[in-house]
Amino acid sequence: MLPRYRVSWIRQGERLVALEPTPEEVRACAEELAAAYNEEHNRTMMANTVAATPAEVVTLYADMQRAGGRPFLLYREDTLMGDADLRRVGEGRAEFAIMVGSRTEQGRGWGTRFGVMLHRLAFEELRLERIYATILPKNTASLRLFARLGYVRDDSGVARAFADYADDVAMSVSRHEFERAHGAALPEIAWTVR
Ligand SMILES: CC(C)(COP(=O)(O)OP(=O)(O)OC[C@H]1O[C@@H](n2cnc3c(N)ncnc32)[C@H](O)[C@@H]1OP(=O)(O)O)[C@@H](O)C(=O)NCCC(=O)NCCS
C-alpha cells in the first residue's frame, strides 16, 4: 500500500486540503461525488458516457489506488469542492485530471489552486518529471486551467498515448515549466503522509 498524502495550503486565512482518502472517506462522500460526475455539464466535459452510482465511485477510487494511481478529495475548510487524481503513474510520468463539482463554484479559481497544490506534491515529493492531460477541444475552462498551470500542447507519441479520443487535445508540463508559472506560491504548500 502506497503512503497516503494530505496536502494543505492556507491561503488568505482559508485552509485548502487535498487528501488521499481511505475507503471509508470515499464511501462517506460517494453520493455527492456521483451527483457531481453525473451533472449534465460536468458529464459532457469529462466525456462520461454512463451515469456513475455511488458504489461505482467507491470502486473507481479503489481500482485507481490498487493500480498505483493517486486520487484526492479536495476540501475548502470542511466543504468538499471536488476531486482530482494522478493516474497511470510510472516512469516519472502521470496523467492529471480534476473536477470542481459544483457549477456555481467553477470559474472562481478553485481548479487552479488545487491544481497547483497537487502539482507541487507530484513534482517535489513524488519526483515526477512530466505530467500529461488530455482534454476535449470544447472544454474551454479545462484548456485554460491547464495553460494556467504551465501546460503546453504536446503532440508527441507519449502524450497522445494518454488520449481517449482522436480529437482530444494532449498537453503536458514539466517541473520547470510548472515552477516558472507558480514558483512564488510553492513554499506555502505543505504535505504530510497521513
Ligand atoms: C475544468 C475545471 C476543473 C476548472 O476549474 P475552475 O475552478 O472552474 O477553473 P478556474 O476558476 O481555476 O479557472 C482556470 C482558467 O479557466 C478559465 N475558465 C474557468 N471557467 C471557464 C469557463 N466556463 N469558460 C471559459 N473559461 C473558463 C478561467 O478564466 C481561468 O483562465 P485564465 O487564468 O486564463 O483566466 C472545472 O471547471 C470543472 O471541474 N469543470 C467540469 C469538469 C471538467 O471539465 N474537468 C476537467 C476534465 S479534463
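The values are calculated or read from the model by the stated rules, or taken from the named source; none is laboratory data. Note that the structure is predicted; figures quoted are calculated from it, not measured. So basically every Cβ, Gly included, is an ideal-geometry build from the backbone, and we count neighbours across all protein chains shown.
Exactly one residue among Arg144, Arg108 is assigned to a loop (DSSP other than H, G, I, E, B), over 14 Å from the mean Cα position of the chain (by Cα), near the ligand (Cβ under 9 Å from one of its atoms) and of a type outside the set (Phe, Trp, Tyr), and that residue is Arg108. When the stretch 167-190 is limited to residues that are surrounded by fewer than 16 Cβ atoms within 10 Å (Cβ to Cβ) and within 14 Å of the ligand (Cβ to nearest atom), the one that is modelled with the highest pLDDT turns out to be Asp167. For Thr104, the test of being of a type in the set (Ser, Thr, Tyr) and surrounded by fewer than 16 Cβ atoms within 10 Å (Cβ to Cβ) is passed. Just one of (1) within 15 Å of the ligand (Cβ to nearest atom); (2) part of a helix (DSSP H, G or I) fails for Asp164. It is (2).
Can you tell me which residue within the stretch 77-100, out of those that are under 17 Å from Leu143 (Cα atoms) and near the ligand (Cβ under 9 Å from one of its atoms), is surrounded by the fewest Cβ atoms within 10 Å (Cβ to Cβ)? Among those residues, the one meeting the criterion is Ala97. Hey, any hits in the stretch 122-131 for a residue that's within 21 Å of Leu33 (Cβ to Cβ) and either surrounded by fewer than 21 Cβ atoms within 10 Å (Cβ to Cβ) or within 8 Å of the ligand (Cβ to nearest atom) (or both)? No, there is no match, as no residue in the stretch 122-131 is within 21 Å of Leu33 (Cβ to Cβ) and either surrounded by fewer than 21 Cβ atoms within 10 Å (Cβ to Cβ) or within 8 Å of the ligand (Cβ to nearest atom) (or both). Of everything in the stretch 147-161 that's assigned to a loop (DSSP other than H, G, I, E, B) and aliphatic (A, V, I, L, M), which residue is nearest to the ligand (Cβ to nearest atom)? Residue satisfying both the conditions and the ranking: Leu149. Given the structure, is Val17 surrounded by 14 or more Cβ atoms within 10 Å (Cβ to Cβ) and more than 12 Å from the ligand (Cβ to nearest atom)? For Val17, the condition - surrounded by 14 or more Cβ atoms within 10 Å (Cβ to Cβ) and more than 12 Å from the ligand (Cβ to nearest atom) - is met.
If the requirement is being farther than 17 Å from Phe96 by Cα and within 15 Å of the chain's Cα centre (by Cα), which of these qualifies: Tyr61, Tyr75, Tyr37? Just a single option satisfies the conditions, and that option is Tyr75. Looking only at residues in the stretch 1-43 that are in contact (Cβ under 8 Å) with a residue 40 or more places away in the chain and among the polar types (S, T, N, Q), the one that is nearest to Ile189 (Cα to Cα) is Ser8. Report every pair of residues separated by at least 6 positions or lying on different chains whose Cβ atoms are under 6 Å apart, first residue within the stretch 178-194 and in contact (Cβ under 8 Å) with a residue 60 or more places away in the chain, second hydroxyl-bearing (Ser, Thr, Tyr). Cβ pairs passing all conditions: Ala190/Ser8; Trp191/Tyr5. Among residues of the stretch 63-83 that are in contact (Cβ under 8 Å) with a residue 40 or more places away in the chain, those with a beta-carbon under 7 Å from a residue that is polar (S, T, N, Q) at least six positions away or on a different chain give the pairs Pro71/Gln65.
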